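The values are calculated or read from the model by the stated rules, or taken from the named source; none is laboratory data. Everything numeric here is computed off the predicted structure, so don't read it as measured data. Every residue, glycine as well, gets a Cβ built from its backbone with ideal geometry; the counts of neighbours run over all protein chains shown. The accessibility values were calculated without ligands, DNA or RNA, using every heavy atom of the protein model including side chains. Shrake-Rupley method; radii C 1.70, N 1.55, O 1.52, S 1.80 Å.
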2 protein chains.
Amino acid sequence: MSNRRKFIQHSMTAIGATLASTSLAKAASSITERKSKIEVKQQDIILFQGDSITDHGRDRKITSPNNLQAMGNGYAMLAAGTILNQFAEKNLKIYNRGISGNKIPQLEERWQSDCIDLKPTILSILIGVNDYWHKKNGDYKGSVKTYKDNYNRLLDTTLNKLPNVKLIIGEPFAVKDVQYVDNSWFPEFSSYQSAARDLAKEYAAVFIPYQDVFDRAESRANGAYWTTDGVHTTMAGANLMAEAWLNTIK
Amino acid sequence: MSNRRKFIQHSMTAIGATLASTSLAKAASSITERKSKIEVKQQDIILFQGDSITDHGRDRKITSPNNLQAMGNGYAMLAAGTILNQFAEKNLKIYNRGISGNKIPQLEERWQSDCIDLKPTILSILIGVNDYWHKKNGDYKGSVKTYKDNYNRLLDTTLNKLPNVKLIIGEPFAVKDVQYVDNSWFPEFSSYQSAARDLAKEYAAVFIPYQDVFDRAESRANGAYWTTDGVHTTMAGANLMAEAWLNTIK
C-alpha cells in the first residue's frame, strides 16, 4: 500500500474522530483540495498518459516539452495549449506520452521512462478502453479485475516514487451507436468505468467523468459528431474533452 | 465600389442626418452589429483564409468541412474546435483555406474556388506579413499601396458576390527579436497593419488587433514563447490567437 493510500486512510479516520490535531486537520484539507480543482503552480510538470485518445497522432520522436507536434491533435494538445497560454508566466513543462493501443500492462512496462523519469507534478491518466475492447475482440485475456489490480499497482508505484504528484484520472468512455460501439459493450464496459472511478476515490485523484460528458453532449449533437468511431474523438469531441480536463485545474 | 461600401457610406450620412428613416436606422444598427461581436447562426459557413499562419500544416487534399486534418494545427483549428463544441446544435460548416507563402495576389487568384464557391457566411482573413516580408527580401515588388489596393479589390469582389457575408479581418503581426523579425521591419511593416485596420473600418469588418495581442502577451512570457520565428505560432501563440478570434463571435 502506498504512503498516500495509508495517509488517506489515516486522515479519513482522523476526520471521524472528535479530536483532530492541527496536522490531521491540514491533512483533511489536503484531501479536500485533491478532490476539488488542482492549482497550477510555478514550474509544474504536467504529463498526459494514456492510449490512442491521448496520443492522437503525436510525433513520438520529439521528447521535449511544450512542443506542438509532440502533443498530438487531441484533447491533450488542446488542454496543453490553453494552459500554456493561460499560465504563461509559470514556466510549465507539458508532455504527452499516450501511446495508441495501450492497456494498463503497456503503461506498467514503460512507466519508469515515460512517467517517473519525467517527474510530473500533475499526472493525468486515461486508460481502459483497450483493456475492455481487446478482451472483447479475443486479443487479450485480462478481466476487469486485472484492470483494477494492475491500475492499483501502477498508482502505488507512482505514489511511492512521486509522493506529491497530483493525480487526474479520466473515465474510459464509449459512445454507443457509432461504428465500433454497440449495446454489446454494456454493462461489462461499465464495470471498467466504475473501477476507474473507485481508484480515483481511493487515491484522492480528481476524476473526470468523460462518459457523462459525452452522454450529455448527445443532447446537442449525435454521437458521430463527437467521435469518429465511438472511441476516438472528432475535433468537436477533443474540444469537449479538453474543456472537461481544463475544469479540473485552476 | 461594392454595394456594402456604398451602403455603409449612405448609412453613415444617414446617421449624421436629423431625420433617419426606419430602414436607415436599421442600417445603422446593422453597422454597429458588424463592429461588435458576430452572432453564430444556424447553418453558418465559416471560412478561415490567409497564409501559413492560418494554413499551419493542414492536409490540403481534404476539402470537406469540420475535418481535423483539414484544419491544420494553428489558431484556425483551435477556434474551429471550440466553435463546433460550443455551437454543436447549429449545424455549422467550417473550412480552412489558408496557404503557406500567400500574399494578397495569390488570394485573388484562387478566390473564386477557395472563397466564393464555398459560400461563407462568416469570412475571416489574415493576410499581409508576406506582402511585406517578400518585398523586404527582394522576392516581390508590391508596396503597401499594392497591398491595400488589391485587398480593397478582393473585398469588393467578395461583397459583390456574397453581399451578406460577415467579415473578420486580422491584423498582420510580427514579434520583434524572435528569429526573422528585428527593428528593420518597422515602421514599414506598421503601414501594412494600418492598411488592414483601415480596410476593416471601411468594410465594417470586425478587426482583430493581433499585434496588440502579442505585444501584451510579452508581459507574461517572452516573444519566443509565443512564436517560433517571429511570424509563426507556438502552441501557446496559436491558443492566444484563437482566444482573440473567439472573442469576435458570440
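Under the combined filter of DSSP loop state and at most 13 neighbouring Cβ atoms within 10 Å, segment B:36-104 retains these trypsin sites (Lys or Arg not before Pro): B:37, B:41, B:61. For a straight C-alpha distance cut-off of 23 angstrom, the lysines reachable from residue B:135 (same-chain residues fewer than eight places away being disregarded) are B:103, B:145, B:148, B:176.
Contact-buried residues of segment A:53-73, at a threshold of 50 Å² lost accessible area versus the chain by itself: A:68, A:73 (1.4 Å probe; DNA, RNA and ligands ignored).
Mind telling me which of B:88, B:200, B:76 comes out most flexible in a GNM of chain B, alpha-carbon contacts under 10 Å? Its mean-square fluctuation being the largest, the pick is B:88.
The accessible-area loss of segment B:222-250 on complex formation, taken against its chain alone with a 1.4 Å probe, reaches 40 Å² or more at B:225, B:235, B:239. In terms of its C-alpha gyration tensor, segment A:146-250 comes out oblate, because a/c is 1.5 or above while a/b does not outweigh b/c. Rounded to the nearest 20, the Cβ-based charge dipole of the protein assembly as shown about its Cα centre (Lys and Arg +1, Asp and Glu -1) stands at 600 debye.
For chain A, what's the relative contact order in percent, using C-alpha pairs closer than 8 Å and at least 6 residues apart? Once normalised by length, the contact order is 23 percent. Take residue A:61, push a point 7 Å out from Cα through the beta-carbon direction, and compare it with the same point in every other copy: 2.0 nm, smallest first. Taking label points 7 Å from Cα along the Cα-to-Cβ direction, residue A:143 and residue A:117 give a separation of 3.6 nm. In a reduced charge model with +1 at each Lys and Arg Cβ and -1 at each Asp and Glu Cβ, segment A:2-246 shows a dipole moment near 780 debye about its Cα centre. Normalised per residue, the accessible area of the protein assembly as shown is 42 Å², obtained with a 1.4 Å probe and no contribution from ligands, DNA or RNA.
Among A:71, A:221, A:94, flag the residue with its Cα farthest along the positive direction of the charge dipole of segment A:2-246, charges on Cβ as +1 for Lys/Arg and -1 for Asp/Glu. Checking the options against the dipole of segment A:2-246, the answer is A:94.
Given +1 at the Cβ of Lys and Arg, -1 at the Cβ of Asp and Glu and no other charges, the dipole of segment B:125-250 around its Cα centre is 400 debye to the nearest 20. Segment B:100-141 and segment B:234-250 have Cα centres spaced 20 Å apart. Computed over chain B, the P(r) curve from all C-alpha pair distances, binned at 5 Å from the origin, holds 1, 6, 13, 18, 19, 17, 12, 7, 4, 1, 0, 0 percent per bin.
Starting from the label point of residue A:157 at 7 Å along Cα→Cβ, the same points in the other copies fall at 6.0 nm, in ascending order.
For the options B:39, B:89, B:202, a Gaussian network treatment of chain B with springs between C-alpha atoms closer than 10 Å singles out B:89 as fluctuating the most. Buried surface between chains B and A: roughly 2100 Å² of accessible area, summed over both sides, computed with a 1.4 Å probe on protein heavy atoms only. Using a 1.4 Å probe over the heavy atoms of the protein chains, calculate the carbon and sulfur portion of the accessible area of segment B:141-249 as a whole percent. Ligands and nucleic acids excluded, carbon and sulfur reach 49 percent.
Note: relative contact order over segment B:40-116, using C-alpha pairs below 8 Å and six or more positions apart, is 44 percent. Between identical copies, the spacing of residue A:246 label points, each set 7 Å from Cα toward the C-beta atom, reads 0.4 nm from nearest to farthest.
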